Amino acid sequence: LCVTVGMSLMASASNLLVLYMGIEMVSIISFVMAGFRRDNLRSNEASFKYLVFGGVASALMIYGFSLIYGLTGSLNYSQIGASLIAAQGNVGLITWLALVLIYSGLAYKISAFPMHFWAPDVYEGAPTPITAFFSVGPKAAGFAALLRILLTVFAVKTGDGNWKAVEGLSLTSIIAVISAATMIVGNLSALGQTNVKRILAYSSIAHVGYMLMGLVTLDRSG
């Protein structure tokens with residue numbers, strides 16, 4: 001129930017605080033689910049690694065939120081977007097840093113480069129049904145959250161129903177590089193694996209890269 005509520009909050013959030021609550025609800029329960037086999041050392045290791053990596057990603061993301069709040073005075077997506085548009089290209093280094101930090105938290109949730117390192121070990125150690133769930137459920141909610149933030153906060157809707165990046169942010173170039181890196185890392189790392197669950201993990205990472213390609217165009221067809 002907590003995971004379902006958390007994923008709903010992530011997908012529908014219009015406020016950074018609500019997004020954070022959703023991510024934490026999903027993450028904390030996921031740490032427990034990964035270590036569900038308490039008498040298995042690999043399951044314990046998976047849960048611990050997931051916890052440590054999740055804590056780091058969460059800290060980075062919340063720091064990014066604090067920078068955005070300091071710059072714009074708001075946690076609401078639309079108000080933050082309006083403030084960045086009003087800057088007319090003078091977004092500054094702090095905005096770039098906030099974007100990187102927020103992406104770090106969301107990239108951890110969808111296991112995109114460079115926050116993908118947790119996936120192989122956690123997938124291998126977690127019970128098989130939990131591994132299958134990790135590869136689908138939280139990623140879907142994470143992508144929904146990423147879409148909402150990028151298209152509402154860091155991009156503006158144009159008259160033809162598409163979007164363009166806020167002036168001063170090379171959003172499409174950044175997403176293209178991240179997408180390519182995620183695909184390359186996921187596919188090449190899978191070549192040397194002998195464990196089926198680890199192959200599933202790297203396959204999942206590669207497919208995240210494919211899905212990120214749809215964001216590069218910043219339009220409905222993408």
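Summary of computed values
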quantity: Environment charge of P127, counting only residues whose C-beta is closer than 13 Å and scoring Lys/Arg +1, Asp/Glu -1; calculated: +2
quantity: Placed amide H near A155: partners under 5 Å, 5+ positions off or other chain; calculated: V166
quantity: Point-charge dipole on Cβ atoms (K/R +1, D/E -1) for the chain, about Cα centre, debye to 20; calculated: 260
quantity: Amide H partners (placed H, <5 Å) of F113, local residues excluded; calculated: T182
quantity: Nearest-ten-degree value, helix 137-152 long axis tilted from longest Cα axis of the chain; calculated: 10
quantity: Whole-Hz ³J(HN,Hα) from phi, Karplus 6.51 cos²θ - 1.76 cosθ + 1.60, for the stretch 189-202, glycine and proline x; calculated: 5, 6, 4, x, 7, 10, 9, 4, 5, 5, 4, 4, 5, 5
quantity: Spin-label model distance (nm) - C2 vs N187, 7 Å beyond Cα toward Cβ; calculated: 3.9
quantity: Estimated vicinal HN-Hα couplings, Hz - the stretch 38-51 in sequence order (Karplus 6.51, -1.76, 1.60; Gly, Pro = x); calculated: 5, 8, 10, 5, 5, 5, 5, 5, 4, 5, 5, 5, 4, 4
quantity: Given charges at Cβ of Lys, Arg, Asp, Glu: the chain dipole, positive-most of S173, G70, A144; calculated: A144
quantity: Between the stretch 198-222 and the stretch 1-58, the Cα center-to-center distance that results, in Å; calculated: 21
quantity: Projected area averaged over orientations for the chain, convex hull of C-alpha atoms, nm²; calculated: 11.7
quantity: HN-Hα J in Hz across the stretch 55-72 - Karplus 6.51, -1.76, 1.60, θ = phi - 60°, x for Gly and Pro; calculated: x, 5, 4, 5, 5, 4, 5, 5, 5, x, 4, 5, 5, 4, 5, x, 6, 10
quantity: Estimated FRET transfer efficiency when R0 is 35 angstrom, pair A86-Y63 (beta carbons, to 0.05); calculated: 0.90
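All of the numbers you see were taken from the coordinates with simple rules; none came from a lab. Just so we're clear, the structure is a prediction, and the values are computed from it rather than from any experiment. Reconstructed Cβ throughout: ideal geometry from the backbone, glycine too, with neighbour counts over all protein chains shown.
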